[in-house]
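See below for the structure under consideration.
The values are calculated or read from the model by the stated rules, or taken from the named source; none is laboratory data. Note that the structure is predicted; figures quoted are calculated from it, not measured. Cβ placement follows ideal geometry from the backbone for every residue including glycine, while neighbour counts extend to all protein chains displayed.
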């Protein structure tokens, strides 16, 4: 009798078999005593346990696994504080559309063991943050709940799910006839023929159509379909922050990234458009433009319908598999001779000229434009950068050209600090032959910096670039925009080189601007975990975003 045929010894073993049946390869975890039966079942499993140093990082890694593979990433915590530490990761996956399953432990539910010590209603806590959350109260129901959780986590729009496995249910012996459910092979439905034909009619009638690419389009099949659409129709396109790289940004029709909310060059193109074909964006990601009644028309092309929102009310929706919808439009809409893209190409020329400005500036501390330029210079075309959240994220979204989908990992939905390092670690685990760089501010890095130990223990090849201003730089910029005094946002950092070395990583400090590129090249080539500390001059934030752009876009 094989292991799969043998009756599971307890609920924990049945749970692990259900996970194996779903194809789970990794579980990212900070276990507690309530997880010990599950831990023992994992010891005898082919699933690899990745021990993290904080539950939030475990959740970020699981969510990023889901983002990069389309399969459900799994993380594990104990009860109480372990489960509450997963809350930010739950919101990160839920808002970001990343399939992720959280498993948390709990005290026995059939008899009191320690009163109310550490007990919270975790299921109720997770309800507003997940697509599905349940406590397992009978071992026989484990396979059904696992299957349902995976189904919902994966279905469009993907997101977070949660199961609580109490200690006594993990130890309970399931009935001999308990069976595991096969994963579903259901395919995503295609959009209706009528909705596709209407979209093509609207496209033909428009004079200045524009394509917007959002997070939901960040998949290989959609990338290929969008390239076909752009090449067939010649319609220019721009991206949201989370849509970067869906189409190679060296394409002659790429206008730029809507990194800022308003007032950038790309917003001039948006203002000029009479039709925006919105592929894969929804209002969870920060809107790149606000709709006005009686203004431009918008076609919503997505896996699901548009949420009703005061700033987003598309006139037409194409709901179904995005790749199929876009491919239909590429094949059937054709080149329209009444389209006029002259204004868009003027915007593109201005964008390209602006992004070259000061890219090789030699000032020290290093200005953001030079940091972005040097990172792009050292990263191969298929290299992956994972951005934490801070001021530098805007600079990279605008100035860093992405050449393929999911080569720029950033979060513009929850926009949580602390996600950059764990996200890069996950990318490095999955794609061992690719160059991977985490790009973090000093503030975001310190929120999960302990995961350097995990990265070293896992023998990852990873460069961590810390952009160091000894402050919460984005909030300082906002504070200055409001005309407020500089107050309450500065701090002191550890010696990052020694900090990295204390974990067994290699630390580097950039002391001259001309050393940045060479340092990054050597770190990427050497392998292992490297930390590079570079001081930044953020005076460019105000000069470029608050002063220069306003003047340049007025002239355009």
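What to note about this one:
- Breaking point among (1) farther than 24 Å from residue 272 by Cβ; (2) in a loop (DSSP other than H, G, I, E, B); (3) at pLDDT 90 or above, for residue 196: (2)
- Verdict on residue 493 being modelled with pLDDT under 95 and outside the structural domain of residue 224 (by TED's automatic domain parsing): no
- Qualifying positions in segment 340-373 - closer than 30 Å to residue 57 by Cα and touching a strand residue (DSSP E or B) at 6+ places or on another chain (Cβ under 8 Å): 366, 367, 368, 371
- Among the residues making up segment 158-180, those that are in a loop (DSSP other than H, G, I, E, B) and buried (at least 16 other Cβ atoms within 10 Å of the Cβ) are 158, 159, 172, 174, 178, 180.
- Residue check for residue 305: without any contact (Cβ under 8 Å) to a residue 40 or more places away in the chain, assigned by TED's automatic domain parsing to the domain that holds residue 247, more than 27 Å from residue 394 (Cα to Cα) and in contact with a strand residue (DSSP E or B) (Cβ under 8 Å, 6 or more places away or on another chain): yes
- Sub-7 Å Cβ pairs linking a first residue in segment 270-282 that is free of Cβ contacts under 8 Å to residues at least 60 places away in the same chain to a second residue that is assigned to a loop (DSSP other than H, G, I, E, B) and crowded, with 22+ Cβ neighbours inside 10 Å, at least 6 apart or interchain, number zero.
- Residue among 134, 188, 147 that alone is surrounded by fewer than 21 Cβ atoms within 10 Å (Cβ to Cβ), without any contact (Cβ under 8 Å) to a residue 60 or more places away in the chain and either in contact with a strand residue (DSSP E or B) (Cβ under 7 Å, 6 or more places away or on another chain) or within 20 Å of residue 23 (Cβ to Cβ) (or both): 134
- Between 271, 201, 185, the distinction of being assigned to a helix (DSSP H, G or I) and over 29 Å from residue 408 (Cβ atoms) belongs to 201 only.
- Residue satisfying all of: in segment 522-533; surrounded by 15 or more Cβ atoms within 10 Å (Cβ to Cβ) and out of contact with any strand residue (DSSP E or B) (no Cβ under 6 Å at 6 or more places or on another chain); farthest from residue 477 (Cα to Cα) among these: 528
- Sole residue being within 18 Å of residue 53 (Cα to Cα) and surrounded by 20 or more Cβ atoms within 10 Å (Cβ to Cβ), chosen from 444, 473: 444
- Conditions (1) in contact with a strand residue (DSSP E or B) (Cβ under 7 Å, 6 or more places away or on another chain); (2) modelled with pLDDT under 95; number of the one not met by residue 337: (1)
- Residue list for segment 307-323, restricted to those being surrounded by fewer than 19 Cβ atoms within 10 Å (Cβ to Cβ) and assigned to a strand (DSSP E or B): 309, 312, 316
- In segment 151-172, of all residues being out of contact with any helix residue (DSSP H, G or I) (no Cβ under 7 Å at 6 or more places or on another chain) and over 20 Å from residue 70 (Cα atoms), the one that is modelled with the highest pLDDT corresponds to 166.
- Considering only residues in segment 223-242 that are out of contact with any helix residue (DSSP H, G or I) (no Cβ under 6 Å at 6 or more places or on another chain) and in a helix (DSSP H, G or I), the one that is surrounded by the fewest Cβ atoms within 10 Å (Cβ to Cβ) turns out to be 231.
- Taken over segment 528-556, the criterion of being under 22 Å from residue 443 (Cβ atoms) and in contact with a helix residue (DSSP H, G or I) (Cβ under 7 Å, 6 or more places away or on another chain) is satisfied by 529, 530, 531, 532, 533, 534, 536, 538, 540, 541, 542, 546.
- Residues that are out of contact with any helix residue (DSSP H, G or I) (no Cβ under 8 Å at 6 or more places or on another chain) and closer than 30 Å to residue 431 by Cβ within segment 512-527 comprise 515, 518, 519, 522, 523, 525, 526, 527, listed in sequence order.
To keep it simple, each residue is scored yes or no on (1) within 20 Å of residue 394 (Cβ to Cβ); (2) outside the structural domain of residue 364 (by TED's automatic domain parsing); (3) at pLDDT 95 or above; (4) out of contact with any strand residue (DSSP E or B) (no Cβ under 8 Å at 6 or more places or on another chain).
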site	(1), (2), (3), (4)
424	yes, no, yes, no
434	no, no, yes, no
444	yes, no, yes, yes
455	no, no, yes, no
458	no, no, yes, no
469	yes, no, yes, no
514	no, no, yes, yes
520	no, no, yes, no
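- Residue 259 closer than 22 Å to residue 413 by Cβ and either touching a residue at least 40 places away in the same chain (Cβ under 8 Å) or outside any loop (DSSP other than H, G, I, E, B) (or both): yes
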